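See structure below.
The values are calculated or read from the model by the stated rules, or taken from the named source; none is laboratory data. Values in this document were obtained by computation on a predicted structure and should not be read as measured data. When we count neighbours, we look across all protein chains shown, and the Cβ atoms used for this are built from the backbone with ideal geometry, even at glycine.
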Amino acid sequence: MNSPEATNGLAYDLWEYARERGAFETEYATFVASFAAPAVVCEHQWEKLLWSQLQSLHDLDREHHAWDPAVSSDPADPQFSFSFAGTAFFVVGLHPASSRLSRRFAWPTLVFNAHAQFERLREQNRFERLRETVRARDQRLQGSLNPNLSNFGDASEARQYSGRAVEEGWRCPFSAWPDPEEKQEG
């Protein structure tokens, strides 16, 4: 994970997914990327790895695609979502050392959920029920809700990506570079 080779492969596959997503026979699909290495031993290591990988993806993507205009590129903004290939994604990180049982997985894994899917669920009045079902299952499994959970627009979703309960003054270690068109204007 986050090697140049892995990042190039992930970028290509995620770009293909974003490009082909509209032709899928279902409105709901998720892109999952698992990595054989490194072995994740703690949540702080995972968080650093996750954000380094997302930064590397963005650094490749920014030369070719603008940030999805439906969301903010500022990770401190409550309207933030990660964007790749012009598509906003809610990213879920999974790894074997997660304190959240629902986030444990044998390998370092990134789950990319298109932001548009959540908007579609909202339009169909199905989002609230799905969110409550997920949270109820998390409560039963863990005995508590993830303290970083928030609704889109209430707080930056960047706080949720790694799964670690981040501190009150936490700052996201990611920065979006200007879109190619913006750089030419300045």
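Does L110 fit the bill of being of a type outside the set (D, E, K, R), out of contact with any Pro (no Cβ under 9 Å at 6 or more places or on another chain) and buried (at least 22 other Cβ atoms within 10 Å of the Cβ)? If you could, list the steps in order and put the result at the bottom.
Numbers: of a type outside the set (D, E, K, R): yes; out of contact with any Pro (no Cβ under 9 Å at 6 or more places or on another chain): yes; buried (at least 22 other Cβ atoms within 10 Å of the Cβ): yes.
Yes: the conditions hold for L110.
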query = In the set S98, S144, S162, which member is among the polar types (S, T, N, Q) and closer than 30 Å to G22 by Cα?
reply = S162
note = Pairing a residue in segment 128-145 that is of a type outside the set (D, E, K, R) with any residue that is assigned to a loop (DSSP other than H, G, I, E, B), where Cβ atoms lie under 6 Å and the two sit 6 or more apart in sequence or on different chains, gives Q139/L145
remark   = Counting only residues that are of a type in the set (K, R) and outside any helix (DSSP H, G or I), segment 1-28 contains a total of 0
task = Quickly run through segment 47-60 and pick out the residues that are in contact (Cβ under 8 Å) with a residue 60 or more places away in the chain and surrounded by 19 or more Cβ atoms within 10 Å (Cβ to Cβ).
result = E47, L50, W51, L54, H58
note = The residue from T30, T26 that alone is more than 14 Å from the chain's Cα centre (by Cα) and of a type in the set (S, T, N, Q) is T26
remark   = Output for Cβ contacts, cut-off 8 Å, separation at least six or different chains, first residue touching a residue at least 12 places away in the same chain (Cβ under 8 Å) in segment 1-30, second assigned to a loop (DSSP other than H, G, I, E, B) and surrounded by fewer than 13 Cβ atoms within 10 Å (Cβ to Cβ), reads M1/A37
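What number of residues in segment 61-89 are surrounded by fewer than 18 Cβ atoms within 10 Å (Cβ to Cβ) and touching a residue at least 40 places away in the same chain (Cβ under 8 Å)? Working first, answer last.
Step one: list which residues in segment 61-89 are surrounded by fewer than 18 Cβ atoms within 10 Å (Cβ to Cβ), which gives 63-64, 66, 69-70, 74, 76-79, 86.
Filter again for touching a residue at least 40 places away in the same chain (Cβ under 8 Å), leaving 63-64, 66, 70, 74, 76-79, 86.
Within segment 61-89, residues that are surrounded by fewer than 18 Cβ atoms within 10 Å (Cβ to Cβ) and touching a residue at least 40 places away in the same chain (Cβ under 8 Å) number 10.
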ask   = Given the residues R100, R104, which is the only one that is without any contact (Cβ under 8 Å) to a residue 40 or more places away in the chain and of a type outside the set (G, A, S)?
value = R104
query = Which one of A6, A29 is modelled with pLDDT under 95, surrounded by fewer than 19 Cβ atoms within 10 Å (Cβ to Cβ), out of contact with any Cys (no Cβ under 7 Å at 6 or more places or on another chain) and not acidic (D, E)?
reply = A29
key: Scan of segment 148-174 for residues that are surrounded by 11 or more Cβ atoms within 10 Å (Cβ to Cβ), modelled with pLDDT of 70 or more and in a loop (DSSP other than H, G, I, E, B), ordered by number   = S156, Y161, S162, G163, R164, A165, V166, W170, C172, P173, F174
